[in-house]
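Before any comments, here is the structure.
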Amino acid sequence: MFNKAIHSDKAPKAIGPYSPAIKLGDFVYLSGQVPLDASTGELVSGGIEEQTHQVFKNIQAILEEMGLETRHIVKTTVFMTDLAEFSTMNEIYSTYFAEPYPARSTVQVGALPKGAKVEIECLVIDTLAYEQQMGSGCSCSDGCEDCDNCEGQE
């Protein structure tokens with residue numbers, strides 16, 4: 001099989017028949033993360049501020065399993081139960097990214113799992129191998145393992 005499920009002990013367990021993330025080549029698809037505490041499996045207390053921070057804590061835990069960061073996120077979809085809280089969520093959201101910001105869609109939904117106010121799913125591109133090549137000055141496309149020009153550079 002070409003795809004690999006990604007799990008993290010620092011992120012909540014899936015609450016259904018799905019993987020927290022699936023990696024296929026350089027693409028990583030993160031399932032929607034809700035503001036559950038990984039240690040209790042329960043919704044964090046508080047409002048949209050606390051919930052948005054917890055969602056990103058869960059996203060970062062999954063990314064960390066692959067050595068990735070939020071800078072590798074290229075697209076998010078934000079689901080909210082009340083768009084009147086959008087500006088508060090957006091303010092917190094902006095602290096987890098730098099330019100160029102990922103593309104994003106935000107939609108209001110009738111309800112989210114466990115009564116959450118926010119859920120965020122992500123499309124991630126694992127560019128670590130390319131970054132390593134660029135950092136070593138390599139211009140080949142084979143990852144430097146079999147490249148005569150880059151022998152000894154890894």
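Things worth noting here:
- Extreme residue, farthest from Ala116 (Cα to Cα), among residues of the range 1-29 that are of a type in the set (Phe, Trp, Tyr) and part of a loop (DSSP other than H, G, I, E, B): Phe2
- Pairs linking a residue in the range 2-29 that is touching a residue at least 60 places away in the same chain (Cβ under 8 Å) and at negative phi to a residue that is surrounded by fewer than 12 Cβ atoms within 10 Å (Cβ to Cβ) and in a loop (DSSP other than H, G, I, E, B), with Cβ atoms under 9 Å and 6 or more positions apart or on different chains, are Ile15/Gly41.
- The condition (being more than 27 Å from Tyr130 (Cβ to Cβ) and of a type in the set (D, E, K, R)) is satisfied by just one residue among Lys13, Lys23: Lys13.
- Any hit, the range 62-78, residues being of a type in the set (A, V, I, L, M) and in a loop (DSSP other than H, G, I, E, B): yes
- Single residue of the range 30-47 satisfying the filter (in a loop (DSSP other than H, G, I, E, B) and either touching a residue at least 12 places away in the same chain (Cβ under 8 Å) or of a type in the set (D, E, K, R) (or both)) that is surrounded by the most Cβ atoms within 10 Å (Cβ to Cβ): Pro35
- Some residue of the range 95-117 being of a type outside the set (Phe, Trp, Tyr), in contact with a Cys (Cβ under 7 Å, 6 or more places away or on another chain) and not in a helix (DSSP H, G or I): no
- Glu64 meets each of the listed conditions (1) touching a helix residue (DSSP H, G or I) at 6+ places or on another chain (Cβ under 7 Å); (2) under 25 Å from Gln132 (Cα atoms) apart from (1).
Conditions tested, residue by residue: (1) surrounded by 17 or more Cβ atoms within 10 Å (Cβ to Cβ); (2) closer than 17 Å to Ser8 by Cβ; (3) of a type in the set (Gly, Ala, Ser); (4) out of contact with any Asp or Glu (no Cβ under 6 Å at 6 or more places or on another chain).
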| position | (1), (2), (3), (4) |
| --- | --- |
| Glu49 | no, no, no, yes |
| Gln54 | yes, yes, no, yes |
| Met66 | yes, yes, no, yes |
| Glu91 | no, no, no, yes |
| Ser94 | no, no, yes, yes |
| Ala98 | no, no, yes, yes |
| Lys114 | no, no, no, yes |
| Cys122 | yes, yes, no, yes |
| Ile125 | no, no, no, no |
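- Test result for Phe79, of a type in the set (Phe, Trp, Tyr), in contact with a strand residue (DSSP E or B) (Cβ under 7 Å, 6 or more places away or on another chain), surrounded by 17 or more Cβ atoms within 10 Å (Cβ to Cβ) and at pLDDT 95 or above: yes
The values are calculated or read from the model by the stated rules, or taken from the named source; none is laboratory data. The structure presented is a predicted model; accordingly, all values stated were derived computationally and were not measured. Neighbour counts run over all protein chains shown; Cβ positions are idealised from the backbone, glycine included.
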